[in-house]
1. Identify the residue in the range B:58-100 that is hydroxyl-bearing (S, T, Y) and closer than 15 Å to A:I50 by Cα and, among all such residues, is surrounded by the fewest Cβ atoms within 10 Å (Cβ to Cβ).
2. What number of residues within the range B:53-70 satisfy the criterion of being free of Cβ contacts under 8 Å to residues at least 24 places away in the same chain and at positive phi?
3. Tell me whether the range B:23-36 contains one or more residues that are under 23 Å from A:P71 (Cβ atoms) and of a type in the set (D, E, K, R).
4. Taking A:I62 and the conditions (1) at the interface with chain B (Cβ under 9 Å from one of its Cβ atoms); (2) surrounded by 15 or more Cβ atoms within 10 Å (Cβ to Cβ); (3) free of Cβ contacts under 8 Å to residues at least 24 places away in the same chain, which numbered condition does it fall short on, given that it satisfies the others?
5. Tell me, please, whether a residue that is of a type outside the set (D, E, K, R), touching an Asp or Glu at 6+ places or on another chain (Cβ under 6 Å), assigned to a loop (DSSP other than H, G, I, E, B) and under 24 Å from A:F75 (Cα atoms) can be found in the range B:44-56.
6. Confirm whether A:P71 is buried (at least 17 other Cβ atoms within 10 Å of the Cβ), of a type outside the set (A, V, I, L, M, F, W, C) and at pLDDT 95 or above.
7. How many residues does the range A:26-40 hold that are in a helix (DSSP H, G or I) and either in contact (Cβ under 8 Å) with a residue 12 or more places away in the chain or surrounded by fewer than 12 Cβ atoms within 10 Å (Cβ to Cβ) (or both)?
8. Check A:L12 against each of (1) part of a helix (DSSP H, G or I); (2) exposed (fewer than 15 other Cβ atoms within 10 Å of the Cβ) and name the one condition it does not meet.
Amino acid sequence: MTMYVLLNLAVLAMLLILPVLMPVRLNWRGVWITFAIMLVATIVFDSLIIASKIVAYDMDLILGLYIGKAPIEDFAYMIAAALFVPYLWERFGKK
Amino acid sequence: MHVLYLTVICVGILGMGIIDWRYKLALFYNKRRTILVVGIMMAIFLAWDIIGISLGIFFSGSSPYTTGIMVAPELPIEEIFFLLLLSYMPLVLYRKFSVK
């Protein structure tokens, strides 16, 4: 039931440890707008991909909660992207 | 129709590329830094996908909209391009909407 959610939470936790240990100044306005746009895009496109059977899930291994047709676990990818990409960019800006 | 999904992804990447080029945000601002950030994020996503696949959580469906070309078991070529978009798009958006 929870394999996918556990995997995604574990990966998210690992990713988000870095900004805690090695913080960097983020432009939070940029992060929020990026997050909002990617959230809408994910809801729309993930649902389309699933509806057109481009990808499929083992129903036993997911929670069964959806936003649109997208399993809620899928949103971990876009959360990781919206937070970690700006973090990496700012991190590699330090001289 | 088999290239439809791949085409849509590539249109997304190109769209982001045009915005990047127009406003000199990422690749057209600092090529090395962009490649580093996008490369690292893609590697993370790829590892994440591979773990999910090996745990049997998701698998490649068969669809009239995909090429059927596999890079690895249950890992279609479209996924590589998708992960590129997923890594590049937030960078371009973040850079665009950071107060400049």
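The values are calculated or read from the model by the stated rules, or taken from the named source; none is laboratory data. None of these values were measured; they are calculated from a predicted model. Because the Cβ atoms are built from the backbone with ideal geometry, glycine has one as well, and the counts that use them run over all protein chains shown.
1. Filtering the range B:58-100 for residues hydroxyl-bearing (S, T, Y) gives B:60, B:62-63, B:65-67, B:87-88, B:94, B:98.
Pick out the ones that are also closer than 15 Å to A:I50 by Cα and you get B:60, B:62-63, B:65-66.
Working: B:S60: 19, B:S62: 9, B:S63: 20, B:Y65: 19, B:T66: 24.
So the residue we want is B:S62.
2. So the count comes out to 1.
3. Checked against the condition, which is being under 23 Å from A:P71 (Cβ atoms) and of a type in the set (D, E, K, R), the range B:23-36 yields no hits at all.
4. If we test A:I62 against (1) at the interface with chain B (Cβ under 9 Å from one of its Cβ atoms); (2) surrounded by 15 or more Cβ atoms within 10 Å (Cβ to Cβ); (3) free of Cβ contacts under 8 Å to residues at least 24 places away in the same chain, just (3) comes out false.
5. Of the range B:44-56, the ones of a type outside the set (D, E, K, R) are B:44-48, B:50-56.
If we keep only those that are touching an Asp or Glu at 6+ places or on another chain (Cβ under 6 Å) too, we end up with B:53, B:56.
Filter again for assigned to a loop (DSSP other than H, G, I, E, B), leaving B:56.
From what is left, the residues that are under 24 Å from A:F75 (Cα atoms) are B:56.
Yes: the range B:44-56 contains one or more residues that are of a type outside the set (D, E, K, R), touching an Asp or Glu at 6+ places or on another chain (Cβ under 6 Å), assigned to a loop (DSSP other than H, G, I, E, B) and under 24 Å from A:F75 (Cα atoms).
6. No: the conditions fail for A:P71.
7. Let us first name the residues in the range A:26-40 that are in a helix (DSSP H, G or I), namely A:28-40.
Next cut, either in contact (Cβ under 8 Å) with a residue 12 or more places away in the chain or surrounded by fewer than 12 Cβ atoms within 10 Å (Cβ to Cβ) (or both) only: A:28, A:30-31, A:34-35, A:38-40.
Of the residues in the range A:26-40, 8 are in a helix (DSSP H, G or I) and either in contact (Cβ under 8 Å) with a residue 12 or more places away in the chain or surrounded by fewer than 12 Cβ atoms within 10 Å (Cβ to Cβ) (or both).
8. That leaves (2) as the condition not met.
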